[in-house]
1. Quick one: net charge of Gln318's neighbours, Cβ under 15 Å, K/R +1, D/E -1?
2. How large is the charge dipole for the chain, taken about the Cα centre, if only the Cβ atoms of Lys, Arg (+1) and Asp, Glu (-1) carry charge, to the nearest 20 debye?
3. Would you mind checking the pairs Lys259/Lys337; Lys190/Lys309; Lys97/Lys380; Lys20/Lys45; Lys215/Lys381; Lys215/Lys353 and listing those with alpha carbons more than 18 angstrom apart?
4. Run the numbers for Ile50 and Arg211: contour at 0.36 nm per residue of separation, minus the present Cα-Cα distance, in nm.
5. Hey, what do the phi angles of region 30-47 turn into as Karplus ³J(HN,Hα) couplings, whole Hz, using 6.51/-1.76/1.60 and θ = phi - 60°, x for Gly and Pro?
6. Take the Cα pairs of the chain, get the Kirkwood Rh, then feed it into Stokes-Einstein at 37 °C and 0.692 mPa s and tell me D in µm²/s.
7. Please state the relative contact order of region 190-398 as a whole percent: Cα pairs under 8 Å, 6+ residues apart?
8. If you fit an axis through the alpha-carbon atoms of helix 169-181 and take the longest principal axis of the Cα set of the chain, what angle between them do you get, 0 to 90°, nearest 10?
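Just so it is clear, none of the values below were taken in a lab; they were calculated from the coordinates. Keep in mind that what you see is a predicted model, and the values were worked out from it rather than measured. Positions of Cβ are backbone-derived with ideal geometry, glycine not excepted, and every protein chain shown enters the neighbour counts.
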Amino acid sequence: MNIEGSNILVGISGGIAAYKSAEMVSLLQKKGANVRVVMTENAVKFISPITFQTLTGFPARTDLFGNWSKNYIPHIGNAQWADAVVVIPATANIIGKIACGIADDLLTATIAAVTVPVILAPSMNSAMYENPIVQKNIAFLRQHGYYFAEPAWGRLACGTEGRGRLAPVEDIVAFLEKVLTLQDDLSSLKFLITAGGTREPIDPVRYISNRSSGKMGYALAEAARRRGASVTLVSAPTCLSPPPGVRVVHVESALDMLKACEEHFVDADVLIMAAAVADYTPENYRRQKIKKGQGVPEINLKPTPDIVKELSGQRKAQFIVAFAAETDDLEYNARQKIIDKDLDLIVANDINKGIFGSDNTWISLLDRQGVIARYSDISKKEAAEIILSTVAERLSDRN
Ligand code: C5P
C-alpha cells in the first residue's frame, strides 16, 4: 500500500515533542495521505486540537464518549477507518497502557481495537526510556507486532543528554511508508508453511519428538496472512493458537506431515518448511502400552521421508525455503542442504544460542550463492518479516 491515498490516524500523547506532530501531520498530507488526529487529555496541555483541526479539516478528538451515536462509536469508527496508526510522541505512560491492554481514553481504546499496523515513536527523558519496565513494555509490544520508530540520542527538553529524543519526523514518515508497503505485497500468493516438532509414536502413550515450539512457523504464517497471502499452515503439535485467517491442518508424525504437504503443495506458490521434522521414527508402532518390568525395550528406528526433498523433486515453479538448525559449522551445513534438498533459500539457526521455545532467534539467510544476511537476537516476528521480504524480492526478480 502507498502512503498516497492511505488513511493515517495520528495519535498524540502528552510529551513536549507533541508540537512536532503538527509537522508530521502536514508532511503526511503533502504525501497525499488522509489524516485524522486523536489526542490524549495530556497532549492537549502541550498543543491545541485547533492546530490539527486547521491542518486536517477534521476535529482532533480526545473524548471516548463525545460524538457517540447509535450508528457511530468513535474508537471503533477510528479503528475501522485507519490503514495505520502512528503515535507521536509515545510517552512511557501510553506505552505502558497499551502493553497492559488499558483502553480508558479515545486513543488507547482505538489502539486496542485496530488490526492495522501501529507505529510508536517514543520521546521521553533518557532515564525514563532506559527504565527496565519501559524497556520490558517495548519488548513485549514488539513481540506482539507493534513497530517502534527508535528515539534518537541528543539533548533533551529536560536539559539532560541521552537517548529519548523523538526520531526525526521525516524518518518516522519513511518508516511508516516501509511498514505500509509490507501490507499487501504477498496478496496474489499461496503459501504452504509447516511448523512445530513432529511426534513419532512408540506406543499409545509415548513418542519421540524435539524441542521445537512452532513459534517461528506460526510467526511466518501470521505475517504472510497479514501481508495478503493465502496461507495453509501444516502444524505438528504446539501450544500456540492458530493465527487469524490462516487455514491450519493439524498433523502429528512426519508421515502425516508429508501427506498433508503433498496435498497442498500442488497449488502453492511458496513452501516454507519451518517444522522440525523428526529424522527417525520407530520401526514398529506397539498397539499396546509397553509395560515397565518387562526389561528395557528395544526400539529400532527407521528414517522418515525428507519432506522438503520429496516436494522439491515434485516442484513446478514453487519457491522453496527450508530451515537448518545446527550446533556446528552453521553456514557450511546450511549450504550443503540448499544443494542436497534443491532449495531456493535456507534460514540457518544457531542452536547454541538457545532458540528453542524462545521468542528471539539468531539467523543467517543463504541462497545458492552464499550468505545474504545475518541477524542476531531478533524476535521471531521480525525474522518472519525479513524472510518474507526476501521471498517477495526473489519472486519479483523472477517476473
Ligand atoms: O536435514 P535437516 O533435518 O537438517 O533439514 C532441515 C530442513 O529440512 C527443515 O526445513 C525441515 O523442515 C526439513 N526436513 C524435512 N523432512 C525431514 C527432515 C527435515 O522436510 N524428514
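1. Here the charged neighbours net out to 0.
2. With only Lys, Arg, Asp and Glu charged at Cβ, the dipole is about 760 debye.
3. Those over the limit are Lys259/Lys337; Lys190/Lys309; Lys97/Lys380.
4. Taking Ile50 through Arg211 to full extension adds about 52.3 nm, to one decimal.
5. 4, 7, x, 7, 8, 10, 10, 10, 10, 10, 8, 4, 6, 4, 4, 6, 9, 8
6. 141
7. About 20 percent, as a whole number.
8. 40
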